[in-house]
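Structure, as structure tokens:
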């Protein structure tokens with residue numbers, strides 16, 4: 001899964017997009033997300049329907065199907081598994097015609113911690129920060145949807161991040177990772193010409209990425225300081241009892 005990201009702005013090397021959000025939306029929702037969590041408003045780059053224009057908008061993280069009667073009617077998935085996304089009743093229409101990029105500086109994942117008995121320690125996990133090897137901004141694959149309040153006519157746009165099996169790096173700590181797109185594939189993902197670009201939803205090369213352990217500060221969505229991604233020990237070393245294992249994170 002992917003349940004927490006770092007996002008410091010809408011810019012993304014390799015693609016040009018224009019502002020699509022209104023000043024009202026910006027004033028209500030935008031801030032730098034050093035620890036972006038579900039239900040928050042994050043930058044997404046999408047192709048404006050009916051045009052060739054790429055825009056960056058603030059969308060709410062937590063996918064809401066258009067047929068929901070209320071925003072709280074049912075589940076609002078934060079992730080969409082690539083396996084079966086083309087046939088899923090929840091995601092297939094958005095995948096076919098409303099794909100987006102989520103520009104991030106990195107994302108976070110949690111590794112289960114095992115006790116002396118070989119079993120996972122309940123509620124205890126070690127958090128990690130994951131980024132590009134050169135720490136440049138990159139794009140996660142997403143899908144988006146518009147939900148309209150029938151009483152007011154107000155439109156809320158929401159999104160989910162697409163996930164796949166992990167590469168050898170992320171696979172050391174988790175069994176899923178977000179789909180990371182190469183810059184050369186941004187337009188192909190956004191233009192929605194192909195209804196099922198399945199070959200893009202694969203693990204990103206491990207050698208182009210970096211991963212390091214961080215403190216339990218990341219567990220609280222209300223903690224939004226740059227030091228949330230600071231390493232707690234040298235990369236490549238295994239967790240030890242001296243690190244103070246983190247409680248299981250709250251995602252919302």
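The alpha carbon radius of gyration of the stretch 1-103, expressed as a multiple of 2.2 N^0.38 Å, is 1.10.
What ranking, highest mean first, results for peptides 102-113, 184-195 when packing means the other Cβ atoms within 10 Å averaged over each residue? Kindly include the intermediate steps, with their values, before the conclusion.
On the way: 102-113: 21.4, 184-195: 14.8.
Result, highest mean first: 102-113, 184-195.
Taking the stretch 1-32 and a reference point 7 angstrom along Cα→Cβ of residue 187, the backbone N atoms nearer than 11 Å belong to 15-16.
So what is the 222 nm mean residue ellipticity for the chain from helices alone, if each DSSP H run of at least 4 adds -39500 (n - 2.57) and you divide by all residues, rounding to the nearest 500 deg cm²/dmol? Each step should come with its number before you reach the end.
Numbers: 3 runs with 18 residues, N = 252.
Counting only the DSSP helices, I get -1500 deg cm²/dmol.
Take every Cα pair under 8 Å whose residues are at least 6 apart in sequence, average their separation, divide by the length of the stretch 5-247, and the relative contact order is 21 percent. In the set (i) 18.1, 59; (ii) 16.8, 51; (iii) 20.4, 79, the label that goes with Rg and Dmax of the Cα atoms in Å computed for this structure is (i).
Just order 80-90, 13-23 by mean Cβ neighbour count inside 10 Å, highest at the front, would you?
Details: 80-90: 15.7, 13-23: 14.2.
Top to bottom by mean Cβ count within 10 Å: 80-90, 13-23.
Is the stretch 130-224 best put as rounded, prolate or oblate by its Cα gyration tensor, with a ≥ b ≥ c the root eigenvalues, rounded for a/c under 1.5, and otherwise prolate when a/b is larger than b/c, oblate when not?
Verdict is oblate for the stretch 130-224.
Expressed to the nearest 5 percent, the antiparallel share of DSSP beta bridges inside the chain is 85 percent. Taking every Cα-Cα distance in the stretch 68-139 and sorting them into 10 Å bins starting at zero, the pair-distance distribution P(r) comes out as 14, 26, 31, 24, 4 percent.
Here, each number is a calculation from the coordinates, and none is a lab measurement. Treat the numbers as computed from the prediction; the structure is a model and nothing was measured. Note that each Cβ is placed from the backbone with ideal geometry, even for glycine, and that neighbours are counted across all protein chains shown.
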